[in-house]
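Colleague: Okay, here's the structure, questions in a sec.
The values are calculated or read from the model by the stated rules, or taken from the named source; none is laboratory data. It should be emphasised that the depicted structure is a prediction, and the values quoted were computed from it without experimental measurement. FYI the Cβ positions are ideal-geometry reconstructions off the backbone, even for glycines, and counts take in every protein chain you see. When the accessible area is computed, the model is the full protein with side chains, heavy atoms only, and any ligands, DNA or RNA have been set aside. Shrake-Rupley method; radii C 1.70, N 1.55, O 1.52, S 1.80 Å.
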Amino acid sequence: MNTSTLKTAVRQAMLVLPLTLLFTSCMETKNQSYLIGDNIAIFYPEGFSGEDHLPSLALIDEPQKVDQLGYGWKLKVEFSVLDGKSIAHINTGDASLYGTGEVTGNLLRNNTEISLWNTDNFTYKLDDGKRLYQSHPWVLGVRKDGSAFGVLADNTWRQNLYLKDGITFTADSKPFRVIIIEKENTTEVLKELAQLTGKMEMPPLWSLGYQQCRWSYFPDTRVAEVADTFRIKNIPCDVIWMDIHYMDGNRVFTFSEKDFPNPEKTNAYLHQKDFKSIWMIDPGVKKEKGYHVYDSGTKNKVWVQTADDEDFVGRVWPGDCVFPDFTNEEVNQWWANLYKPFMATGIDGVWNDMNEPAVFENTEENEAVMNGLTDMTMPSDNKHRGGELLPASSHLRYHNVYGYLMVKASREGILKANPEKRPFVLTRSNYIGGQRYAATWTGDNASTWAHLKMSIPMSINLSLSGQPFNGPDIGGFEGNATPNLFAHWMAIGAFFPFSRAHSINGSKPHEPWAFGKKVEESCRTSINRRYRLLPYYYTLFQEASAIGTPVMRPVFMADDKDLSLRKEQEAFMIGSDLIIVPKWSKNPHLPKGDWKIVSIDGENSADDKYQADVLLRPGAIVPLCNLAQSTVDYSTDEITLLVNLDESGKAKGKLYTDAGEGFAYKNKEYTMVHYKAIANGNKVNISTKFEGNYFNTQSKINVKLYYKGEVIEATGGYTDTITVNL
Ligand code: GLC
């Protein structure tokens with residue numbers, strides 16, 4: 001939401017709600033509930049005050065009443081207050097529950113309990129991972145008949161979420177409102193969630209490529225060496241990441257004289273080799289006179305304050321730090337402006353980390369962090385000044401949106417610096433709705449089998465909470481991956497929406513070639529599969545940005561009514577047409593029907609130690625491109641269609657293309673190609689229909705029809721109807 005949209009939201013809020021309800025806390029209101037859209041209801045508790053909760057940071061528009069709640073409305077919210085906590089309870093019967101954002105544990109969230117309090121939780125040790133870096137006060141429910149609902153607590157304050165005997169939110173806030181969506185299936189609920197909380201913007205194509213990170217690649221010559229090795233070894237890669245060692249003593253918006261004396265040159269080198277670069281920026285600013293960010297921030301009074309009206313000082317990587325107060329528009333402007341000279345060095349994307357915000361306590365930071373012993377943030381009674389849009393309030397209110405507000409400001413700054421380019425921001429902390437501003441990764445996991453397996457339900461549940469662009473550190477962050485673990489992790493990590501390997505300071509090398517020839521070969525195959533599937537991924541991301549459907553999905557979305565799929569958390573879906581079955585998954589529950597195992601890049605997963613099986617849905621056509629070493633050489637000139645006919649002998653699919661960068665696609669500069677296959681006697685005809693204005697050549701189509709144990713091939717021009725003889 002930009003500033004003017006937020007202002008509109010406040011104005012709309014004022015039209016819909018009585019002024020007293022918006023801006024006084026003493027006003028007691030009676031319970032109210034009504035419809036705010038097609039099968040979407042809002043529930044207000046007695047005592048709700050806009051002063052404590054508005055404007056909403058989850059919703060893009062303030063809800064407006066459209067009708068009364070009908071008699072048939074299924075889910076009601078019971079509000080209560082106990083021991084100073086505000087409670088909202090919803091009886092959900094025996095529905096399967098999902099979502100709840102970034103959590104550890106099983107995909108199915110029934111009988112779990114989590115804490116919504118963004119926490120720097122190294123290897124998920126603290127509270128057994130029941131609170132992590134992000135807050136999504138959101139639950140998706142799926143009933144036995146496949147009908148679905150979503151429950152959103154519109155509340156940024158600290159709260160707990162219990163999913164036992166229904167759904168219970170218990171918050172350290174005044175009474176808060178709850179929104180319930182009722183739809184015929186999961187997809188429709190997720191589309192409505194995106195309608196309410198916003199969609200991700202179309203990402204640059206390069207951000208869908210494979211990415212290589214570690215804490216840290218330094219000096220600059222090492223960065224170049226890693227980049228060169230990818231090209232020499234023919235392992236596709238699009239991005240090299242710069243972690244904190246590039247900075248001068250961990251001071252944000254500076255470069256180390258010793259290790260990165262010429263960032264322009266480093267970026268130019270990477271660009272010349274067809275890489276993009278992403279550089280880290282944390283919120284903690286070193287408290288040090290003479291350092292330009294500290295001096296200008298202090299002059300502009302941008303820092304979060306203590307309860308005693310002092311600049312709050314806490315320790316992070318650079319030592320004592322102060323923290324920008326992103327609840328204020330002028331602070332955001334100041335922050336956004338810092339990106340201009342930074343991006344001008346040729347930086348392509350930004351990594352906002354430690355933005356829960358993480359603050360080390362007065363112990364040795366490493367000991368405390370490594371042992372998961374500290375709460376790792378600033379005091380709850382710290383003060384945020386607010387501004388024209390958000391009211392002044394405590395850190396207890398704004399803690400869970402600190403990262404969200406930071407990435408919103410970062411995104412605005414990056415866009416201002418490079419107005420012709422699609423901004424890319426990766427964030428560790430966020431809040432529901434934050435998909436509008438940044439992609440995310442699941443923080444500091446470990447190089448263990450448990451964490452490899454856990455990454456699947458974690459990423460699916462994030463995807464079911466409105467964040468399509470997410471993934472874990474491939475290989476695991478903490479520790480040294482064994483060759484076997486690394487190869488298995490890459491074999492599935494290459495399919496996650498966000499696909500990046502990362503590893504902790506001091507670990508052994510974790511590049512695809514660092515584990516011996518066999519693992520290198522396997523990683524190349526895994527990443528090649530990703531690159532050949534890019535047309536399919538890009539089309540899915542377009543869909544996510546247009547209608548809010550997730551890229552990574554649970555298998556149960558293939559058949560909402562098949563109860564045997566509800567707990568499946570090893571196999572996962574990419575879009576609606578592919579299921580990925582990890583090699584180590586022994587008896588996954590898969591949907592009925594003739595799903596076919598397909599080869600993406602000539603590999604045969606049945607004979608391979610690591611490669612996951614990729615299953616193609618009956619009735620689907622999935623487009624592949626030719627292999628490229630980076631998206632700079634991405635081309636849809638020659639497309640291969642994987643086709644699997646359904647029982648009635650039909651299949652369809654689509655392919656979205658645009659410039660891969662910039663905003664011309666918003667003015668219809670894109671092409672959507674629709675493919676249709678129809679069997680007729682012993683022939684299958686495959687036809688193509690184009691829509692949109694983007695000039696793109698597609699001169700050759702290869703068809704691979706998976707039919708009765710065979711792969712039947714045919715080729716043709718892009719306007720031809722291609723006939724496959726059965
Ligand atoms: C945090 C991040 C990690 C990064 C490290 C150093 O632990 O989660 O990804 O490498 O900080 O910046």
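Colleague: Can residue 377 be described as assigned to a loop (DSSP other than H, G, I, E, B), within 15 Å of the ligand (Cβ to nearest atom) and modelled with pLDDT under 95?
Modeller: yes
Colleague: Condition first: in contact with a Pro (Cβ under 8 Å, 6 or more places away or on another chain) and open to solvent by 10 Å² or more (accessible area, probe 1.4 Å). Now tell me which residues in segment 521-535 satisfy that.
Modeller: Within segment 521-535, 524, 528 meet the criteria.
Colleague: Taking residue 666 as meeting all but one of (1) in contact with a strand residue (DSSP E or B) (Cβ under 7 Å, 6 or more places away or on another chain); (2) open to solvent by 40 Å² or more (accessible area, probe 1.4 Å); (3) of a type in the set (Lys, Arg), write down the number of the exception.
Modeller: The one condition residue 666 does not meet is (1).
Colleague: Here are the criteria: (1) under 23 Å from residue 578 (Cβ atoms); (2) open to solvent by 20 Å² or more (accessible area, probe 1.4 Å). Tell me which single one residue 690 does not satisfy.
Modeller: (1)
Colleague: Could you figure out which of (1) modelled with pLDDT under 95; (2) in contact with a strand residue (DSSP E or B) (Cβ under 8 Å, 6 or more places away or on another chain) isn't true of residue 639?
Modeller: Answer for residue 639: the failing condition is (1).
Colleague: OK, next. Confirm whether residue 268 is open to solvent by 20 Å² or more (accessible area, probe 1.4 Å), within 29 Å of the chain's Cα centre (by Cα) and of a type in the set (Gly, Ala, Ser).
Modeller: So residue 268 fits the description; yes.
Colleague: Could you tell me which numbered condition residue 511 fails, if it satisfies all but one of (1) within 18 Å of residue 630 (Cβ to Cβ); (2) buried (at least 24 other Cβ atoms within 10 Å of the Cβ); (3) within 16 Å of the ligand (Cβ to nearest atom)?
Modeller: The single condition residue 511 does not satisfy is (2).
Colleague: Given the condition in contact (Cβ under 8 Å) with a residue 60 or more places away in the chain and of a type outside the set (Phe, Trp, Tyr), answer yes or no: does some residue in segment 585-593 qualify?
Modeller: If we filter segment 585-593 for residues that are in contact (Cβ under 8 Å) with a residue 60 or more places away in the chain, which is where we start, we get none.
For segment 585-593, residues in contact (Cβ under 8 Å) with a residue 60 or more places away in the chain and of a type outside the set (Phe, Trp, Tyr): absent.
Colleague: Starting from segment 421-444, keep only residues that are within 11 Å of the ligand (Cβ to nearest atom), then list their pairs with residues that are modelled with pLDDT under 95 and not in a loop (DSSP other than H, G, I, E, B) whose Cβ atoms are within a distance under 7 Å, requiring at least 6 positions of separation or different chains.
Modeller: Pairs that qualify, where the first residue is within 11 Å of the ligand (Cβ to nearest atom) and the partner is modelled with pLDDT under 95 and not in a loop (DSSP other than H, G, I, E, B), are 444/122.
Colleague: Which ranges mark the strands (runs of 3 or more DSSP E) fully within segment 53-162 that have 3 or more residues being modelled with pLDDT under 95 and farther than 26 Å from residue 444 by Cα? Spell out the reasoning first.
Modeller: On the way: elements: 77-82, 85-90, 96-99, 113-116, 138-142, 148-153, 159-162.
So the answer is none; nothing clears 3.
Colleague: Residues of segment 407-421 being more than 16 Å from residue 279 (Cα to Cα) and either in contact with a Gly (Cβ under 9 Å, 6 or more places away or on another chain) or assigned to a helix (DSSP H, G or I) (or both), which ones?
Modeller: If the condition is that a residue be more than 16 Å from residue 279 (Cα to Cα) and either in contact with a Gly (Cβ under 9 Å, 6 or more places away or on another chain) or assigned to a helix (DSSP H, G or I) (or both), then 408, 409, 412, 416, 420, 421 are the ones that fit.
Colleague: While we're on this one: Is one or more of the residues making up segment 92-99 within 30 Å of residue 478 (Cβ to Cβ), open to solvent by less than 50 Å² (accessible area, probe 1.4 Å) and out of contact with any Gly (no Cβ under 6 Å at 6 or more places or on another chain)?
Modeller: Taking every residue of segment 92-99 in turn, at least one turns out to be within 30 Å of residue 478 (Cβ to Cβ), open to solvent by less than 50 Å² (accessible area, probe 1.4 Å) and out of contact with any Gly (no Cβ under 6 Å at 6 or more places or on another chain).
Colleague: Taking the condition of being closer than 7 Å to residue 220 by Cβ and not acidic (Asp, Glu), how many residues in segment 249-267 meet it?
Modeller: 2
Colleague: Residue check, residue 365 against (1) at pLDDT 95 or above; (2) of a type outside the set (A, V, I, L, M, F, W, C); (3) within 14 Å of the ligand (Cβ to nearest atom), all met but one. Which one?
Modeller: Evaluating residue 365 over (1) at pLDDT 95 or above; (2) of a type outside the set (A, V, I, L, M, F, W, C); (3) within 14 Å of the ligand (Cβ to nearest atom) leaves (1) as the failure.
Colleague: Scan segment 184-212 residue by residue and report those that are more than 23 Å from residue 665 (Cα to Cα), in contact (Cβ under 8 Å) with a residue 60 or more places away in the chain and surrounded by fewer than 19 Cβ atoms within 10 Å (Cβ to Cβ).
Modeller: 185, 187 - these are the residues of segment 184-212 that are more than 23 Å from residue 665 (Cα to Cα), in contact (Cβ under 8 Å) with a residue 60 or more places away in the chain and surrounded by fewer than 19 Cβ atoms within 10 Å (Cβ to Cβ).
Colleague: Could you list, ordered by first residue, the pairs with Cβ atoms under 6 Å in which the first is in segment 237-250 and under 20 Å from residue 631 (Cα atoms) and the second is near the ligand (Cβ under 10 Å from one of its atoms) and at pLDDT 95 or above, at least 6 apart or interchain?
Modeller: Pairs that qualify, where the first residue is under 20 Å from residue 631 (Cα atoms) and the partner is near the ligand (Cβ under 10 Å from one of its atoms) and at pLDDT 95 or above, are 241/213.
Colleague: If you don't mind, another one. Return yes or no: is residue 471 within 30 Å of residue 185 (Cα to Cα) and within 16 Å of the ligand (Cβ to nearest atom)?
Modeller: Yes.
Colleague: Looking at residue 466, is it open to solvent by 10 Å² or more (accessible area, probe 1.4 Å) and at positive phi?
Modeller: yes
Colleague: Can you list residue pairs whose Cβ atoms sit under 8 Å apart, with the first residue in segment 105-116 being in the same structural domain as residue 91 (by TED's automatic domain parsing) and in contact (Cβ under 8 Å) with a residue 12 or more places away in the chain and the second being aromatic (Phe, Trp, Tyr) and open to solvent by less than 50 Å² (accessible area, probe 1.4 Å)? Count only pairs 6 or more apart in sequence or on different chains.
Modeller: Final answer for the pair search is 107/98; 108/98; 109/98.
Colleague: Which number in (1) within 16 Å of the ligand (Cβ to nearest atom); (2) free of Cβ contacts under 8 Å to residues at least 60 places away in the same chain; (3) surrounded by fewer than 21 Cβ atoms within 10 Å (Cβ to Cβ); (4) under 26 Å from the mean Cα position of the chain (by Cα) marks the one condition that residue 215 misses?
Modeller: Against the list (1) within 16 Å of the ligand (Cβ to nearest atom); (2) free of Cβ contacts under 8 Å to residues at least 60 places away in the same chain; (3) surrounded by fewer than 21 Cβ atoms within 10 Å (Cβ to Cβ); (4) under 26 Å from the mean Cα position of the chain (by Cα), residue 215 comes up short only on (2).
Yes/no per residue for (1) within 16 Å of the ligand (Cβ to nearest atom); (2) outside the structural domain of residue 380 (by TED's automatic domain parsing); (3) surrounded by fewer than 19 Cβ atoms within 10 Å (Cβ to Cβ):
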position: 248; (1), (2), (3): yes, no, yes
position: 261; (1), (2), (3): no, no, yes
position: 273; (1), (2), (3): no, no, yes
position: 276; (1), (2), (3): no, no, no
position: 282; (1), (2), (3): yes, no, no
position: 290; (1), (2), (3): no, no, yes
position: 295; (1), (2), (3): no, no, yes
position: 301; (1), (2), (3): no, no, yes
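Colleague: Can you say whether residue 454 is surrounded by 24 or more Cβ atoms within 10 Å (Cβ to Cβ) and either out of contact with any His (no Cβ under 6 Å at 6 or more places or on another chain) or polar (S, T, N, Q) (or both), as far as the supplied structure shows? So that I can check it myself, show each step before the final result.
Modeller: Numbers: surrounded by 24 or more Cβ atoms within 10 Å (Cβ to Cβ): no; either out of contact with any His (no Cβ under 6 Å at 6 or more places or on another chain) or polar (S, T, N, Q) (or both): yes.
No.
Colleague: Is segment 138-147 home to any residue that is within 20 Å of the chain's Cα centre (by Cα), of a type in the set (A, V, I, L, M) and more than 30 Å from residue 631 (Cα to Cα)?
Modeller: yes
Colleague: Please work out which one of (1) touching a helix residue (DSSP H, G or I) at 6+ places or on another chain (Cβ under 8 Å); (2) in a strand (DSSP E or B) is the condition residue 621 fails and give its number.
Modeller: (1)
Colleague: Looking only at segment 115-133, which residues are open to solvent by 10 Å² or more (accessible area, probe 1.4 Å) and within 17 Å of residue 459 (Cα to Cα)?
Modeller: Across segment 115-133, the qualifying residues are 123, 124, 130, 131.
Colleague: Another one. From the list 126, 97, 132, which one is out of contact with any His (no Cβ under 8 Å at 6 or more places or on another chain) and over 30 Å from residue 361 (Cβ atoms)? It would help to see each step written out before you state the result.
Modeller: Details: 126 fails: over 30 Å from residue 361 (Cβ atoms); 132 fails: over 30 Å from residue 361 (Cβ atoms).
Going through 126, 97, 132 in turn, the sole match is 97.
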